[in-house]
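Accompanying notes for the structure given below.
Since every read-out is calculated from the coordinates, none of them should be taken as a lab result. Since the model is a prediction, treat every value here as computed from it, not as a measurement.
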């Protein structure tokens with residue numbers, strides 16, 4: 001199991017980024033969470049097997065159709081054994 005924390009910048013708030021991330025993560029069996037940050041970025045944590053987590057990181061670089069991603073920071077972290085995927089408010 002691996003864990004990645006991603007910080008996504010660009011036009012990523014108000015474009016259903018969080019809800020779409022939740023749906024895609026659930027489809028891929030990835031645990032974690034996603035939230036908006038006050039500075040306009042979106043922060044997400046993806047945990048699970050390497051391939052689906054890598055796919056989520058790649059998805060974050062594109063986002064949903066109305067998003068315009070200009071940058072993605074990816075940080076490796078120790079896995080915590082999360083279950084489910086949440087949208088944090």
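Residue 74 to residue 35: extension gain in nm, 0.36 nm per residue of separation minus the Cα-Cα distance?
Contour length minus Cα-Cα distance gives 12.5 nm.
Okay, helix-only estimate at 222 nm for the chain: each DSSP H run of n ≥ 4 adds -39500 (n - 2.57), divide by all residues, round to 500 deg cm²/dmol; what do you get?
Taking each H run of at least 4 residues, the total per residue is -8000 deg cm²/dmol.
Once you have all Cα-Cα distances for the stretch 2-81, histogram them in 5 Å bins from zero and send the whole-percent values.
Percent of Cα pairs in each bin: 3, 18, 31, 27, 15, 5, 0.
In degrees between 0 and 90, to the nearest 10, how far off the longest principal axis of the chain does helix 17-28 point, with axes built from Cα atoms?
Its long axis makes an angle of about 30 degrees.
Mind pulling the angle between the C-alpha long axis of helix 50-60 and the longest principal axis of the chain? Nearest 10 degrees, somewhere in 0 to 90.
10 degrees
Taking the chain as a Gaussian network, Cα atoms linked when under 10 Å apart, which of 40, 32, 48 shows the biggest mean-square fluctuation?
40
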